[in-house]
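Values in this text are rule-based calculations from the coordinates and carry no lab data. Being a predicted model, the structure only gives us computed values, none of them experimental. Cβ atoms come from the backbone with ideal geometry, glycine included; neighbour counts cover every protein chain shown.
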Amino acid sequence: MKIEDTIRREQFCQIKSEIRGSDQHLVVGIDVAKDKHHAFMGSATGKSLLRKLVFENNLQGFRKLQERSEAIGIQNALSKIVFGMEPTGTYHKPLGAYLIGCGHHVVLVTGKAVKNNRELLDGRWDKNDIKDPANVADLICQGKCLYYDYPSASINQLRELLSLRRRLKKEEHSLRMRIRNNLLAQYFPELDRFYSACETESLAIVRWFLDPAMIACMEFDEFFSLVTRTKRGIAQKLRLEKIHRLAVESVGCPMGPAVEFEAELLVKKLDQVRRQLKEIAELMEDFCMEFSEYSWLLTIPGFGPYIAARVLASISNPWRFDSSNQVIKLAGYDLGANRSGKTSNEAVPVISKRGNSELRYALYQAAHVASSRNPDFIRYYTRMLRGRERERGIKTKMKVKLAAKMLKIAWTLMRKQEVFDPDHLIIA
């Protein structure tokens, strides 16, 4: 699969470099929708060959597109066909997979490019299903298109799991905030300051004894035995004694059966989501073990199972990147500045943030951990700060720079198939 991916990328680079003004390419622009797609076919020189083709999102419709495009290509002596589409949700993926499976060249155009180019077609902003595929085809003819990433089945499955993990993490955070900012804030506000110290005990109290009056009516030994699963020492006992005393003088609102039901339901849902996250982590590790690169990524300080999986899923095939600068752009860590009307020393470069935001965040967390725990990274991070310690926000900037360097190191290890060496901090 890596060899096929590398070949596809080389073909894409060739298409992008030679398609402008080519007399051999048939360009097929597709406006993707949920049920029916609209296609436009034209030559790379700007000649319209078929303005409107509507086909359904099924096998019969895909075959209709393929047969019609091949016929028009032969009729007009155009030997090469390029299909392009704007990614719309996930609706474009079945069509892209089908065309790539049939050996066709498929490219993508960004939504921003489509929006900016729409007014240039006829000088007016007019969005409709007939003009949009022509807009896509026009961008492809200019070479303003992107590579269609179509990785192996295992990488696709890993990406799906990472996407599911992200949604469950959001749900977990939402449930925690509903418990703390809604239930505790209203009915037992004194408990909130103890929540972070031991969340397990706090959730047990929320589920069974959210009403402080119930705790006040109980002896401490009974309360202690009901909310604890394991004995953690004197600190735990002192903390629960404070909670028991505060329950007597709590200023919380009066509770009813509806609130008790909500508290029990939210805690159950939170436990369920956390069990699902644990299952996803185990399944992700199983998929990652199929790739030898995963074990090399884990040797980088700050890289745990999740961050290694995120980097592996994002880079996929390291050979589809010619340089480390392309990998940096993938994460959105590439620098840019507004230099209009300014000298070079006045322009302040910032990261573009145009890439994978989840990868960028994961790498920053890895840089934060490595720069505070690993001796080699601590020395490297300290050298980066030397002489600039008093600059505002310099620590965050240097951690971002370190995160970008860690991505370069990860890509290098995947290509060279070797474990991390501290010398990579100097070489990468």
Checklist entry - So for the stretch 293-428, what are the equivalent ellipsoid semi-axes in whole Å, largest first, each being the square root of 5 times an eigenvalue of the Cα gyration tensor? => result 25, 19, 13
Next on the checklist: Just to confirm my numbers, what's the Cα centroid distance between the stretch 107-139 and the stretch 250-306 in Å?
Outcome noted: 42 Å
Checklist entry - Where in the stretch 301-341 is the amide nitrogen less than 16 Å from a point lying 7 Å along the Cα-to-Cβ axis of ASN116? => result 336-340
Next on the checklist: As I understand it, the dipole of the stretch 2-150 uses +1 on the Cβ of Lys and Arg and -1 on the Cβ of Asp and Glu, about the Cα centre. Which of GLY111, LEU26, ALA44 lies farthest toward its positive end?
Outcome noted: GLY111
Checklist entry - Which one is right for this structure if Cα extents along the principal axes in Å is calculated from it: [x] 64, 45, 44; [y] 90, 56, 50; [z] 84, 58, 36? => result [y]
Item to check | On Cα atoms only, tilt of 305-315 relative to the major axis of the chain in degrees | outcome: 10 degrees
Checklist outcome for this item: Checked the stretch 92-247 with the C-alpha gyration tensor, a ≥ b ≥ c its square-rooted eigenvalues, rounded below a/c of 1.5, otherwise prolate if a/b is larger than b/c and oblate if not; verdict prolate
Checklist entry - Among TRP319, TRP208, TRP296, whose mean-square fluctuation peaks in a Gaussian network model of the chain (Cα, cutoff 10 Å)? => result TRP208
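What stretch of the chain, leaving out the sites themselves, is the longest with no GluC sites (Glu not before Pro) in a DSSP loop having at most 15 other Cβ atoms within 10 Å?
Details: sites that count: GLU219, GLU249, GLU290, GLU346, GLU389, GLU391, GLU418.
For GluC sites (Glu not before Pro) (loop position, at most 15 other Cβ atoms within 10 Å), the longest site-free span of the chain is 1-218.
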Next on the checklist: Under 12 Å between alpha carbons, and skipping anything fewer than 8 positions from LYS36 in its own chain: which aspartates and glutamates qualify?
Outcome noted: GLU56, ASP129
Checklist entry - Helix 375-385 versus the longest principal axis of the chain: what angle, 0 to 90°, nearest 10, using Cα atoms? => result 70 degrees
Checklist entry - Taking only pairs that are 8 or more places apart or on different chains, how many Lys pairs in the stretch 292-427 have Cα atoms under 18 angstrom apart? => result 17
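So what is the relative contact order for the chain, in percent, with contacts set as C-alpha pairs under 8 Å and at least six apart? Intermediate values should be presented prior to the final figure.
On the way: 539 pairs, mean separation 52.2, N = 428.
For the chain, the relative contact order is 12 percent.
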Next on the checklist: Between helix 59-75 and the chain, what is the angle of the helix's C-alpha long axis to the longest principal axis, kept within 0 to 90° and rounded to the nearest 10?
Outcome noted: 30 degrees
